[in-house]
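Student: Take this structure, written in structure tokens, and hold onto it; I'll ask about it next.
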Amino acid sequence: MKILAIETSCDETAIALLEVSGELRSPTIKILGDTLLSQAKLHEAYGGVYPNLAKREHEKNLPILLEQTLKEANEAIEAPKLDFIAVTTGPGLEPALWTGITFAEGLGRKWDKPVIPVNHMEGHIYSVLASLKPGESLELPALALLISGGHTELVYVKDFGVYEMLGQTLDDAVGEAFDKVARMLGLPYPGGPEISRLAEKRRKELGREFPDAGREQASSFRLPRPMIHSKDLNFSFSGLKTAVLYKVKADNRHDDEYKQDMAQAFEDAVAEVLTKKTRQALDKYPDIRTLIVSGGVSANSFIQKQFAKLIESYPQVTLRIPERTMATDNAIMIGLAGYVRAETQPELLKSDTTLKAEGKLTLTSSRP
Ligand code: KG4
Ligand code: ZN
């Protein structure tokens, strides 16, 4: 199936044209065109994404990216060859989501093609399909730890299109905590990559200082690990963020070494909570065959390492983390989730109901 995918849920405008065929667990994927414009620099002054600015930028960028994507794919803009259009309808910022939906529906009418709604989080789950090597397949049931700027969720993926939400954050998302802590330290937005870079530098230095320690050195101070001992699979990151705020205020230090120390202490706390909760879920669901860790924060190399270590005690489970460019928001993952939707809920391709942006859309199964 040839799919035009459109993503505008946050501050990335992205369009891709892909051709996907074969079984859901091991599809053949051809990326015919793939374009993305990040607005991160524009939102930097606000320390986060400013919805109306995002909307204006998406409206400006969408026609440009469409033209580029179709050009890359050697398709005519008047009547490109494709089967359907997949567009993110939620969760995300509603003004931003609406721009993608209106644009997709306009194209659907013009080209007489169906437009199917995609849940952004389903996109993060299936982003890992893009990195399967020949002969590999995505074995289900899977546990998906979705860690992004807006979400922190543990999802039990029983089958393609069949989900059960096991736990989620009760307050801030992990990525949001990364961004806020970065702001407290005077680092640019988005903060995740900056924190990651500083923490890595610190760990390298500690490794040089203590070459014989034989294990990773802990940071100079310890931050709280919220809810780490709770029996459920929920998360909370606002207490951790507040602990950083109080410490930064009390210490009143602005030197690089301090920032690196704080970045490391913060990453240590986050990684420990994420791996502990994931371990709890893996123990609770022994039929799990794959652990998917995806969403923007999964690009963090320290967190990736901690999950690689965790999985050593679960030989029956394969760890799948998307490539860096597939971890943060993009349109390819929306096309892949669109493929799963079209295969598991084919009636969507025949329906002509108008789509609606849903900022707080939750993962719903496409079949019983
Ligand atoms: O999935 P994503 O691109 O957008 C949402 O759906 O929210 O995730 C963006 C988030 C931001 O909070 C950003 O700071 C974080 O992912 N992020 C990282 C890293 N790269 C991006 N967090 C930690 N370490 C990274 N290397
Ligand atoms: Zn996302």
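The values are calculated or read from the model by the stated rules, or taken from the named source; none is laboratory data. Only a predicted model underlies this, so the values are computations on that prediction, with no experimental measurement involved. Don't worry about glycine lacking a Cβ; one is built from the backbone with ideal geometry, like all the others, and counts go over all protein chains shown.
Student: Just checking, does the stretch 246-262 include any residue being within 13 Å of ligand 1 (Cβ to nearest atom), part of a helix (DSSP H, G or I), of a type in the set (S, T, N, Q) and in contact (Cβ under 8 Å) with a residue 60 or more places away in the chain?
Tutor: As a first pass, look at the stretch 246-262 and keep what is within 13 Å of ligand 1 (Cβ to nearest atom): none.
Scanning the stretch 246-262, I find no residue that is within 13 Å of ligand 1 (Cβ to nearest atom), part of a helix (DSSP H, G or I), of a type in the set (S, T, N, Q) and in contact (Cβ under 8 Å) with a residue 60 or more places away in the chain, so the answer is no.
Student: Follow-up. Return the pair list, or none, for Cβ contacts closer than 8 Å from residues in the stretch 1-19 that are farther than 18 Å from GLN39 by Cβ and within 14 Å of ligand 2 (Cβ to nearest atom) to residues that are part of a loop (DSSP other than H, G, I, E, B) and modelled with pLDDT of 95 or more, at least 6 apart or on different chains.
Tutor: Sorted first by the residue in the stretch 1-19, then by its partner, the pairs are ALA5/ALA331.
Student: Related question: Being within 22 Å of LEU97 (Cα to Cα), acidic (Asp, Glu) and over 22 Å from the mean Cα position of the chain (by Cα) is the filter here, so list the residues in the stretch 49-82 that pass it.
Tutor: GLU59, GLU67
Student: With the stretch 16-119 as the region, which helices (runs of 4 or more DSSP H) entirely inside it contain at least 3 residues that are at pLDDT 95 or above? Spell out how you get there, then give the answer.
Tutor: Numbers: elements: 40-43, 51-72, 94-111.
Here the list reads 51-72, 94-111.
Student: OK, next. With the condition kept exactly as written, say whether any residue in the stretch 220-236 is on the phi > 0 side of the Ramachandran plot, buried (at least 18 other Cβ atoms within 10 Å of the Cβ) and away from ligand 1 (no atom under 16 Å from the Cβ). So that I can check it myself, show each step before the final result.
Tutor: To start, the set of residues in the stretch 220-236 that are on the phi > 0 side of the Ramachandran plot comprises 227.
Applying the additional criterion that residues be buried (at least 18 other Cβ atoms within 10 Å of the Cβ) yields 227.
Retained after the next criterion (residues that are away from ligand 1 (no atom under 16 Å from the Cβ)): 227.
Checked the stretch 220-236: at least one residue is on the phi > 0 side of the Ramachandran plot, buried (at least 18 other Cβ atoms within 10 Å of the Cβ) and away from ligand 1 (no atom under 16 Å from the Cβ).
Student: Can you list residue pairs whose Cβ atoms sit under 6 Å apart, with the first residue in the stretch 287-299 being touching a residue at least 24 places away in the same chain (Cβ under 8 Å) and the second being assigned to a loop (DSSP other than H, G, I, E, B) and near ligand 2 (Cβ under 10 Å from one of its atoms)? Count only pairs 6 or more apart in sequence or on different chains.
Tutor: Once the first residue is touching a residue at least 24 places away in the same chain (Cβ under 8 Å) and sits in the stretch 287-299, its partners that are assigned to a loop (DSSP other than H, G, I, E, B) and near ligand 2 (Cβ under 10 Å from one of its atoms) give GLY295/SER148; GLY296/SER148; GLY296/GLY149; GLY296/THR328.
Student: Hey, could you check the stretch 89-116 for residues that are under 12 Å from SER9 (Cβ atoms) and in contact with a strand residue (DSSP E or B) (Cβ under 8 Å, 6 or more places away or on another chain) and say which is farthest from ligand 2 (Cβ to nearest atom)? I'd like the intermediate steps shown before the answer.
Tutor: Of all residues in the stretch 89-116, those under 12 Å from SER9 (Cβ atoms) come to 89-101.
Right, trim to in contact with a strand residue (DSSP E or B) (Cβ under 8 Å, 6 or more places away or on another chain) and you get 89-91, 97, 100-101.
On the way: THR89: 14, GLY90: 12, PRO91: 9, LEU97: 12, GLY100: 13, ILE101: 17 Å.
Looking at the filtered set, the residue picked out is ILE101.
Student: SER26 is checked against (1) in contact with a His (Cβ under 9 Å, 6 or more places away or on another chain); (2) of a type in the set (S, T, N, Q); (3) closer than 30 Å to ALA142 by Cα and fails just one. What number does that condition carry?
Tutor: (1)
Student: Based on what the data block shows, is LEU138 among the hydrophobic types (A, V, I, L, M, F, W, C) and closer than 29 Å to ASP251 by Cα?
Tutor: Here the answer is no, as LEU138 does not meet what is asked.
Student: Let me ask something else. Would you call GLU153 closer than 30 Å to ARG341 by Cβ, crowded, with 22+ Cβ neighbours inside 10 Å and charged (D, E, K, R)? If you could, list the steps in order and put the result at the bottom.
Tutor: On the way: closer than 30 Å to ARG341 by Cβ: yes; crowded, with 22+ Cβ neighbours inside 10 Å: yes; charged (D, E, K, R): yes.
Yes.
Student: Would you pick out the residues in the stretch 342-365 that are crowded, with 20+ Cβ neighbours inside 10 Å and over 17 Å from GLY92 (Cβ atoms)?
Tutor: ALA342, the sole residue that qualifies.
Student: Same structure, new question: Being within 16 Å of ligand 1 (Cβ to nearest atom) and either among the acidic types (Asp, Glu) or closer than 30 Å to THR35 by Cα (or both) is true for just one of LEU336, LEU348, LEU274. Which residue is that? Step through it out loud before you land on a result.
Tutor: On the way: LEU348 fails: within 16 Å of ligand 1 (Cβ to nearest atom); LEU274 fails: either among the acidic types (Asp, Glu) or closer than 30 Å to THR35 by Cα (or both).
Just one listed residue meets the conditions, LEU336.
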